[in-house]
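Working notes for the structure below.
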Amino acid sequence: MRAVLKTSAGRGATYAPDAAEPKAGDQEVVVEIAAASLCGTDRECYEWSPAAQAFNLNIPTVLGHEGAGTVVDVGAGVTDLRPGDRVALESHLVCGQCFPCRTGSAHACERTRILGMHIDGVFAERVAVPRDICVPLPDAVSLETGALLESAGVAVHAIQRSGYEVAGRGVIVSGGGPVGLVVAHLSHLMGAAYVVVVEPNPFRRAQAEKLGLTVLEPGEALVETVRGLSGRRGGADVAFECSGAAAALPSLFDAVRTDGTIVTVGHPSRPLPIDIAAHINKKGITLRGIFGRRLWETWEQTMLLLGSGRLDLDWLITHRLPLSQVDEAIGLLTGDACKVLLVPGLG
């Protein structure tokens, strides 16, 4: 079968037209991938950045962790899925036994493995995965939409982590990539008083403007704009840092009000200093982080939003490419693109 593999600890990825066919082991299913979505982490793995190296990939491995498809085979012990079932895939494989797993915080599992890093991923025609990470899709949800649910779930988790503090509130979203755009879109849908998106890429700024949001380039105008919108509150109520850019966080501490909240979603490439006295103690800002999705609360919340018709994700898709064009797909992530799909059925 065709697949995209990381074959060595260096830059790049290998398109293999004759990769080994997966087989369903105990408690596993084989899924025929209809669409796989790329994200910034895939770019990090391709570039072999320090952030990617920190994940300790098993090499060689098939890349890709955001995907959806149709079950074509089931292994021993699988009784609730059958060939023909349509599923999206959670990317985090958790142990189920550690303290976080047993106390409702499996997204923080101490022994997390990741699809496309520690087991073969979804940049392939077919993949064998544990049954436990399969999420059955309602008939009304397309397989392409299913490939977007993993990253959209990160956005939902960020809003959950804020305590749903967006309705009637002032919201800043730093970073207008797919996750940031969904955070901003959901905040708007949930009744935010205003949503300000900070994004350097003109293409993504235009997408945010289409959603009816206030859009800024990075710079000093953020604090002035937000304080103008907030009046006597003195700043936004909540900010979501979705870019991972090292320069983004300091301005958010200045732009949120006293006793405001900052939720960090993006992963900076280096440690960042925080002025504890000025921002945490004196200003009383609450700083929270997220990783992945809450299992399985975020998936249930996302499915409810999709089923209600309130949330649509297809507008995020800007490009569809075959597996053989993975190099071009990676390049699009920093250009005029939002969600780029690798579609094994193409080419």
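Go through (1) farther than 19 Å from Lys339 by Cβ; (2) open to solvent by 40 Å² or more (accessible area, probe 1.4 Å); (3) in contact with a strand residue (DSSP E or B) (Cβ under 7 Å, 6 or more places away or on another chain) for His188 and report which single condition fails.
So the condition that His188 fails would be (1).
Search region 45-55 for residues being open to solvent by 50 Å² or more (accessible area, probe 1.4 Å) and in contact (Cβ under 8 Å) with a residue 24 or more places away in the chain, and hand back the single one that is nearest to Gly331 (Cα to Cα).
Among those that are open to solvent by 50 Å² or more (accessible area, probe 1.4 Å) and in contact (Cβ under 8 Å) with a residue 24 or more places away in the chain, it is Glu47.
For Gly292, are the conditions met, namely being in contact with a Cys (Cβ under 8 Å, 6 or more places away or on another chain), in contact (Cβ under 8 Å) with a residue 12 or more places away in the chain, surrounded by 14 or more Cβ atoms within 10 Å (Cβ to Cβ) and of a type outside the set (D, E, K, R)?
No, not satisfied.
So in region 297-331, with the set limited to residues that are of a type in the set (Gly, Ala, Ser) and assigned to a helix (DSSP H, G or I), which one is least open to solvent (accessible area, probe 1.4 Å)?
The selected residue is Ala329.
Within region 125-132, identify whether any single residue is of a type outside the set (D, E, K, R) and part of a loop (DSSP other than H, G, I, E, B), and answer yes or no. Step through it out loud before you land on a result.
Our first condition is that a residue be of a type outside the set (D, E, K, R); within region 125-132, this holds for 127-130.
Applying the additional criterion that residues be part of a loop (DSSP other than H, G, I, E, B) yields none.
No, because not a single residue in region 125-132 is of a type outside the set (D, E, K, R) and part of a loop (DSSP other than H, G, I, E, B).
Go over the candidates Thr61, Thr7 one by one and state the one that is open to solvent by less than 30 Å² (accessible area, probe 1.4 Å), in contact with a strand residue (DSSP E or B) (Cβ under 6 Å, 6 or more places away or on another chain) and either over 20 Å from Ala337 (Cβ atoms) or without any contact (Cβ under 8 Å) to a residue 60 or more places away in the chain (or both).
Of the residues listed, the single one that is open to solvent by less than 30 Å² (accessible area, probe 1.4 Å), in contact with a strand residue (DSSP E or B) (Cβ under 6 Å, 6 or more places away or on another chain) and either over 20 Å from Ala337 (Cβ atoms) or without any contact (Cβ under 8 Å) to a residue 60 or more places away in the chain (or both) is Thr61.
Filtering region 245-273 down to residues that are of a type in the set (D, E, K, R) and surrounded by 14 or more Cβ atoms within 10 Å (Cβ to Cβ), which residue is nearest to Gln160 (Cα to Cα)?
If we take residues in region 245-273 being of a type in the set (D, E, K, R) and surrounded by 14 or more Cβ atoms within 10 Å (Cβ to Cβ), then Arg257 is nearest to Gln160 (Cα to Cα).
Name every residue in region 205-240 that is touching a residue at least 24 places away in the same chain (Cβ under 8 Å) and in contact with a Pro (Cβ under 9 Å, 6 or more places away or on another chain), in order of residue number.
The one that is touching a residue at least 24 places away in the same chain (Cβ under 8 Å) and in contact with a Pro (Cβ under 9 Å, 6 or more places away or on another chain): Pro218.
What number goes with the only condition from (1) within 18 Å of Trp296 (Cβ to Cβ); (2) modelled with pLDDT of 95 or more that Asp73 does not pass?
Of everything listed in (1) within 18 Å of Trp296 (Cβ to Cβ); (2) modelled with pLDDT of 95 or more, Asp73 misses just condition (1).
Pairs needed: first member in region 65-85, at positive phi; second member anywhere, assigned to a loop (DSSP other than H, G, I, E, B); C-beta distance under 7 Å; at least 6 residues apart or different chains.
Correct list of pairs: Gly77/Asp26; Gly77/Gln27.
The values are calculated or read from the model by the stated rules, or taken from the named source; none is laboratory data. Everything numeric here is computed off the predicted structure, so don't read it as measured data. With ideal geometry, Cβ positions are generated from the backbone for all residues, glycine too; neighbour counts draw on all protein chains shown. These area figures cover heavy atoms from the full protein model, side chains too; ligands, DNA and RNA do not enter into them. Shrake-Rupley method; radii C 1.70, N 1.55, O 1.52, S 1.80 Å.
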